[in-house]
Structure formats: structure tokens, C-alpha cells
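Each remark here refers to the structure printed beneath this line.
What follows draws every value from the coordinates through simple rules; no lab data is involved. The model shown is predicted, which means the values in this text are computed figures rather than measured ones. We place every Cβ from the backbone using ideal geometry, glycine too, and count neighbours over all the protein chains shown.
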């Protein structure tokens, strides 16, 4: 599979697109991506409106727990977007596509895989993010 890479401050949007690809969908065209970058408001800063892109990607999401960061929840809800402190990118979102014992496999991150215990989560609950994606049910 070919996953989309980081462009702009669009890591949350890239995570959602990569979740779509992981679930068996297609990537979006470059034109659709640029339109969603503007819709998500992440061309020049954080993706403040990324939720508006999910219907266009035909995805729904489920947020994980805020008080803890349980690896078991991740294992049971793949693919999972994770918000964490990336050593090269600062506050960043990537997509977890696999859990192997206590390692997670990441797409669009500084490392392709990392021990769960080595990930630094900012201490404030509002910065702790786990988000699972599934296909939107069609009527």
C-alpha cells in the first residue's frame, strides 16, 4: 500500500486519509487533498476543522479514552490516529496500523515503529488523542 505523506500542517488530515487507504479505500486526488487542506484549515496551521473532511472521506471516528493511553484499546480499534510529541515534528498525529506485542507500527511518523512505552504523551488530557476510524455506514 502507498500511504500519503506529510504536507503543510496536515498531519491529522493525512492520518484520516491513510486510515481510508488502510481500510481498503483509495487515496484522494491531489486536487481533493488541496480542497480538504483548506476545509480542515491546515495549510498554515493546525487542522482545526479536520472533522469536516471525514464525511468526504466516508469515515466515522470514535475517540479513545482521555485519562489513560491504553495499548489494549489501540489493539482493538485499528486503525488509530495517535497524537503525541514527535521528536522531529513536535505535537504530531500519525496512524497506527499494527500492534506487535508492545510496539506500534506508525504511518507518517519519525519512526516506522516504536515501543509504546517510549512514546511521549503531553500530560494535559486535552492533548491526549487516540481516534479510531471505520467506514461510514451507507443508508
Item checked: Average projection area in nm² (convex hull over Cα atoms of region 54-105, one quarter of hull surface) -> 4.5 nm²
Item checked: Nearest 10 degrees, 0 to 90: helix 30-40 Cα axis against the chain principal axis -> 70 degrees
Item checked: Alpha carbon Rg of region 11-135, scaled by the compact-globule rule 2.2 N^0.38 Å -> 1.00
Next item on the list: Largest first and to the nearest Å, give the Cα extent of region 4-80 along each principal axis.
Entry: 37, 27, 21
Notebook entry, point to check: What ranking of 8, 122 emerges when the number of other C-beta atoms within 10 Å of each C-beta is taken as an exposure proxy, fewest first?
Noted result: 122, 8
Notebook entry, point to check: Using the 10 angstrom Cβ neighbour count as an exposure proxy, how do 129, 7, 62 rank, fewest first?
Noted result: 62, 7, 129
Item checked: Using alpha carbons only: equivalent-ellipsoid semi-axes of region 79-139, gyration tensor based, whole Å -> 21, 15, 11
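Efficiency by 1/(1 + (r/R0)^6): what FRET value for residue 113 and residue 7, r their Cβ-Cβ distance, R0 = 30 Å, to the nearest 0.05?
The computed FRET efficiency comes out at 0.85.
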Notebook entry, point to check: Between residue 134 and residue 73, what is the spin-label point distance in nm, taking each point 7 Å from the Cα along the Cα→C-beta axis?
Noted result: 1.6 nm
Notebook entry, point to check: Between residue 60 and residue 125, what is the label-to-label distance in nm when each label sits 7 Å out along the Cα-to-Cβ direction?
Noted result: 2.5 nm
Next item on the list: Taking the chain as the reference, fit the longest principal axis to its C-alpha atoms, fit the long axis of helix 11-22 to the helix C-alpha atoms, and give the angle between the two in degrees, 0 to 90, nearest 10.
Entry: 80 degrees
Next item on the list: With viscosity set to 1.306 mPa s and temperature to 10 °C, compute the Stokes-Einstein D of region 1-42, Rh being the Kirkwood radius across alpha carbon pairs; µm²/s, no decimals.
Entry: 154 µm²/s
